[in-house]
Amino acid sequence: MSAAVDSALRTPRFTALPPLALYVHIPWCLRKCPYCDFNSRENRGAIPETEYVDALTADLEFALPSIWGRRVGSVFFGGGTPSLFSAAAIDRILAAVRARVPLSPDAEITLEANPGTFERQKFAEFRAAGINRLSLGVQSFDSRALAALGRVHDAHEARAAGAAAIEIFGNVNFDLMYALPGQSLADARADLAAALEFAPPHLSFYQLSIEPNTLFHRHPPRLPDEDAMADIEDAVEDALARAGYGHYETSAHAQAGRECRHNLNYWRFGDYLGIGAGAHSKLSFPDRVIRQVRYKQPQQYIERAANGAPLLEERAIARDEIGFEFMLNALRLNEGVPVTLFTERTGFPITLVQERLDAAEARDLIERDHLKIRPTALGRRFLNDLQSLFLPAGGRGPGASVQPIAVERLAP
Ligand SMILES: C[S@@+](CC[C@H](N)C(=O)[O-])C[C@H]1O[C@@H](n2cnc3c(N)ncnc32)[C@H](O)[C@@H]1O
Ligand code: SF4
């Protein structure tokens, strides 16, 4: 790139801003799972539900100037365990959203639920409040595996919640994990068969990862070895394909037309406003793209919101990070992305990552033509290596991880 072109391309230029999604973080759980590094904490005593809803509403108000007039295509209540909240609280949050931002009439509105919090009446009330997709944290249908994972629910509760979710919402995702402590190939097959009995429109399959700052990191359980893990992955992939599910993203499988629109927006490097304790946002403006992170501690977040104090820190994504951030997401999509999406979503020409793309192609990790870039089978298998090729010179992108990232884990 010539010096003149280079200096003209220091900041992004957008002709149209990316689609916008809204993420709402609920940071409490019944009990902290030993493998979990999400911003969630055990609920001891009463959850300050009313105060938290007030804080979310104030957060949204403060954020309005940065999304002014933009339509929101999806809402995702993630956690933590949003299903710990009453349906009245979820209803209040959605009413606050509808009163302040233009929400698409067909918006996908997902709520994460834990089978340990399942009550039929409550699920029906969530649906009545406007939740039209439920993401159920089943993890496994095997009580032994659930106990080894420290889950609060057993197989019986997983089945009851699964059946009610399908009946009430229709549009349902099951989160399942594999490579669990002591899990054999036969166990994994049986788990998947149990899930398929419900024919959920969407299935997320995450390999259990051992994260720093978790109990499992301090006291690692015995996990299947790499060969066993690869056998489980192949078996899962085969069984889901035979059952008619499209494997559209590293960990996500869906029946035709049931892909998660909210998560697709992340992987296509769309914009998202994240409200709630510890929530992340990525927002584009005509000449810059910013990242925000909200204060993590729920009590501090509530107090600051009540006092009108700033709730977040933000910074612009630098030019040498944005190619990596785009690829970190886009290369998770098995179909890949159109070449033109790079410029549409980063505001920079594709030449910004030309040399990295050449290197990835030379190693047979991607295939591309003038229309599309997609990971090859090898690239999908060694996704971390592929993503690493796009790291900014001299180090890792801030906040970016090239460890295996489970799908909805990308949901901030
Ligand atoms: C943010 S959690 C929220 C769902 C809900 N709290 C629950 O656990 O049922 C979303 C999903 O991430 C997955 N997950 C969490 N920690 C993980 C880990 N260490 N390795 C792999 N997947 C993980 C689980 O499948 C979980 O359902
Ligand atoms: S895995 Fe889910 S239920 Fe368990 S602590 Fe994390 S967010 Fe809470």
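The values are calculated or read from the model by the stated rules, or taken from the named source; none is laboratory data. These numbers were taken from a predicted model, which means no experiment stands behind them. FYI the Cβ positions are ideal-geometry reconstructions off the backbone, even for glycines, and counts take in every protein chain you see. Accessible surface is based on the protein model in full, side chains and every heavy atom, while ligands, DNA and RNA are left aside. Shrake-Rupley method; radii C 1.70, N 1.55, O 1.52, S 1.80 Å.
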If you rank ASP187, ASP320 by how much accessible surface each has, with a 1.4 Å probe, what is the order from largest down? ASP320, ASP187
Label points 7 Å out from Cα along the Cβ direction at PHE382 and ARG44: separation in nm? 4.7
Heavy-atom SASA rank of HIS217, HIS25 (probe 1.4 Å, accessible area, largest first): HIS217, HIS25
Could you sort the peptides 294-300, 9-15 by per-residue average Cβ neighbour count (10 Å cutoff), highest mean leading? 294-300, 9-15
Cys residues of the chain with no disulfide-compatible partner (no other Cys Cβ under 4.7 Å) are CYS29, CYS260
Checked the range 211-294 against the a/c 1.5 cut and the a/b vs b/c comparison, axes a ≥ b ≥ c from its Cα gyration tensor; verdict oblate
Can you send over the carbon and sulfur percentage of the accessible area for the chain, probe radius 1.4 Å, protein chains only? 52
With a 1.4 Å probe and all protein chains kept in place, how much accessible area does GLU125 have, in Å² rounded to the nearest 10? 80
Provide the FRET efficiency to the nearest 0.05 for the ASP37-VAL152 pair, computing r from the beta carbons and using R0 = 22 Å. 0.75
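Packing-wise, with mean Cβ within 10 Å as the measure, how do 32-44, 367-379, 132-144 rank, highest first? Please report the intermediate quantities before stating the final value.
Values: 32-44: 16.6, 367-379: 15.1, 132-144: 23.2.
Sorting 32-44, 367-379, 132-144 by mean packing, highest first, produces 132-144, 32-44, 367-379.
Given a 1.4 angstrom probe, what's the average accessible area per residue across the chain, in square angstrom?
Details: 17700 Å² over 412 residues.
In whole numbers, the chain has 43 Å² accessible per residue.
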Could you work out the Rg to Rh ratio of the range 34-90, with Rh taken as the Kirkwood radius (inverse of the mean 1/r over all Cα pairs)? 1.02
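Quick check: from the Cα gyration tensor, does the range 233-354 come out rounded (a/c under 1.5), prolate or oblate?
Values: a/c = 2.96, a/b = 1.42, b/c = 2.09.
Oblate shape, in that a/c is at least 1.5 and b/c is the bigger or equal ratio.
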hull vol. (C-alpha, convex hull) per residue for the range 3-111, Å³ -> 153
Gyration tensor (alpha-carbon) shape descriptor, the range 253-313, a/c threshold 1.5: oblate
Give me the distance in nm between label points sitting 7 Å out from Cα along the Cα-to-Cβ direction at ARG13 and ALA190, one decimal. 6.2
Estimated translational D of the chain in µm²/s (Stokes, Kirkwood radius over Cα pairs; 37 °C; 0.692 mPa s): 149
For the residue pair HIS217 and ASP54, what label-to-label distance in nm results when each label sits 7 Å from Cα along the Cα-to-beta-carbon direction? 3.5
Once the Cα gyration tensor of the range 117-221 is found, what semi-axes does its equivalent ellipsoid get, as square roots of 5 times the eigenvalues, in whole Å, sorted largest first? 26, 15, 12
